[in-house]
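Below: the structure, in structure tokens.
The values are calculated or read from the model by the stated rules, or taken from the named source; none is laboratory data. What you are looking at is a predicted structure, and each value in this text was computed from that prediction instead of being measured. Neighbour counts run over all protein chains shown; Cβ positions are idealised from the backbone, glycine included. Remember, those area values only see protein heavy atoms, side chains included, never the ligands or the DNA or RNA. Shrake-Rupley method; radii C 1.70, N 1.55, O 1.52, S 1.80 Å.
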Amino acid sequence: MQGGWRWLWRGVALLVLLGLMAAAAMAVLLMSLPQGAALVPQAPVTRPAESLREVRGLMHRGLLFKTLHGEPLVLNLPLADLASVAQDAAGRVAQGRARLRADEQVLWLEGSVPVRATPLASLSALGEWLNVTVGLRWREQGAPELAQVKVGRVGVPPALALWVARQALARHELLEPAELLVAAVAQAQVADEQLLLTLHWTPELQGRTVALVVPAEDWPRLVAYHRVVVQALSRVPPAMRYRPGMPLPELMRAVFVHAQQRTLATSLMPAASEALSAQDVAARENRAALVAVALAANRLSLHQLLPRSVAGVLPVLPPVSVQLLAREDFAQHYTLSTLLSLMVGGRVADTVGLYKEMADADKGLGGSGFSFNDLVMNRAGIRLGQRARQDPVALLHRLGGEAALLSDRDFVPQVDGLPEFLNRPEFIRRFGGLNDARFRQVLDAMDQTLAGLPVLR
């Protein structure tokens, strides 16, 4: 018996020793992460001119949907522009710095972030900077592979770095879009200080792209709402199809009355009601209904999104202008922002909307200028998408119930008098930039107004 106790205590002592050794190793590891100097020096932010032209060209709907249906898309992106984008993003997201360099085999991304701006802030006494180096190795086909990761003086196994990156993307609902983009890369290489990127959406990727918004099992729902939209738009007389067209609230009403009926019918089916909660059923109906409305507002046929094997024979979308506050572009901003919010969540959608307006502020690169009107439409649409995700039953009753919301003012506030078409210097002079207190004050007031809209109460 004494021998058994002796072995037990030896085992306990060994476990304690291993624990102390692991703690000591962790302490040494953590102490090796912060560094006294930044790897990346401070540099002025420049605008990625050529890449902005390339990306703005992608905004053409015809080109975008040809790409989604399998036509290869080739982008020539100057490394200097990509470095500007990385530098700007590092400064906005983490108050840090970033730079790119490349050789024939590897693209290197180097970043320096203040330790105080990271979860390791308590280690700032050991060094002010967290320096990260990432190496991506080119392959003959497909996306580059992660070849090397270094944080401070510590090398990180690429597999572990990928796992951490996947967890971070999943937390922000960006994992599926990121995986889609990587899977669509047919080839990437550097030549003459340019990144040559070829994207190819295969039929399998087309389905996954649509499934980001509407899962494949809900595609029959989407087809049903497409038919409702076609019926509603077909009632507009030919002479009125462009002006006044159809107000967005009227189309919403037609679609969501149908959505409420479908939800009620599903709840009365014992097998279906046991499989899905009322919230789940309403959320799925809301999502399919909002996608169908967004497609109509942007004059995009469902044939262009669903794989041809699924779309089958569908009624053609009538050429009717869907309008909000008597403007087609407002309805398009609103519904596309709702769609983006459904895909990636409100926070990311808000960021995309802000960056899109800042890109528009570069009038010399083809932008129309920064417009607060567009920003209001973007944020109102995003809030609708958030409500569809967070409180689907309430939204379903609000849009399809007896108390009809048929006024534009139920969905968006009046925007008369808001600044429009500002170029970058004028925007900076008046509002200081996206992180300036003056601009944030305008955004806060805007969000308070949106919160009081009938559709969002």
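Counting only residues that are touching a Ser or Thr at 6+ places or on another chain (Cβ under 9 Å) and open to solvent by 80 Å² or more (accessible area, probe 1.4 Å), how many does the stretch 102-125 have?
The total comes to 1.
Could you list all residues from the stretch 100-119 that are more than 22 Å from residue 139 (Cα to Cα) and either in a strand (DSSP E or B) or touching a residue at least 40 places away in the same chain (Cβ under 8 Å) (or both)?
Answer for the stretch 100-119, where residues must be more than 22 Å from residue 139 (Cα to Cα) and either in a strand (DSSP E or B) or touching a residue at least 40 places away in the same chain (Cβ under 8 Å) (or both): 111, 112, 113, 114, 115.
Condition check ((1) closer than 22 Å to residue 322 by Cα; (2) acidic (Asp, Glu); (3) open to solvent by 50 Å² or more (accessible area, probe 1.4 Å)) across all residues:
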| residue | (1), (2), (3) |
| --- | --- |
| 360 | no, yes, no |
| 368 | yes, no, yes |
| 371 | yes, no, no |
| 374 | yes, yes, no |
| 383 | yes, no, no |
| 392 | no, no, no |
| 411 | yes, no, no |
| 416 | yes, yes, yes |
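Within the stretch 362-433, which helices (runs of 4 or more DSSP H) (wholly inside it) include 1 or more residues that are more than 22 Å from the chain's Cα centre (by Cα)? Outline the logic, then answer.
Values: elements: 372-390, 392-400, 424-431.
Ranges flagged: 392-400, 424-431.
Looking at (1) closer than 18 Å to residue 434 by Cα; (2) open to solvent by 30 Å² or more (accessible area, probe 1.4 Å); (3) outside any helix (DSSP H, G or I); (4) not hydroxyl-bearing (Ser, Thr, Tyr), which one does residue 352 not meet, given that it meets all the others?
(3)
Report, by residue number, each residue of the stretch 415-435 that is closer than 19 Å to residue 449 by Cα and either of a type in the set (A, V, I, L, M) or touching a residue at least 60 places away in the same chain (Cβ under 8 Å) (or both).
Passing the criteria: 415, 418.
With 265, 283 as the choices, which residue is closer than 26 Å to residue 333 by Cβ and in a helix (DSSP H, G or I)?
Answer to the check: 283.
Mind checking which residues of the stretch 394-409 are buried (at least 19 other Cβ atoms within 10 Å of the Cβ) and either at positive phi or out of contact with any strand residue (DSSP E or B) (no Cβ under 7 Å at 6 or more places or on another chain) (or both)?
Result: 395, 396, 398, 399, 400, 405.
Has the stretch 156-169 got any residue that is outside any helix (DSSP H, G or I) and over 25 Å from the mean Cα position of the chain (by Cα)?
Yes, the stretch 156-169 contains at least one residue that is outside any helix (DSSP H, G or I) and over 25 Å from the mean Cα position of the chain (by Cα).
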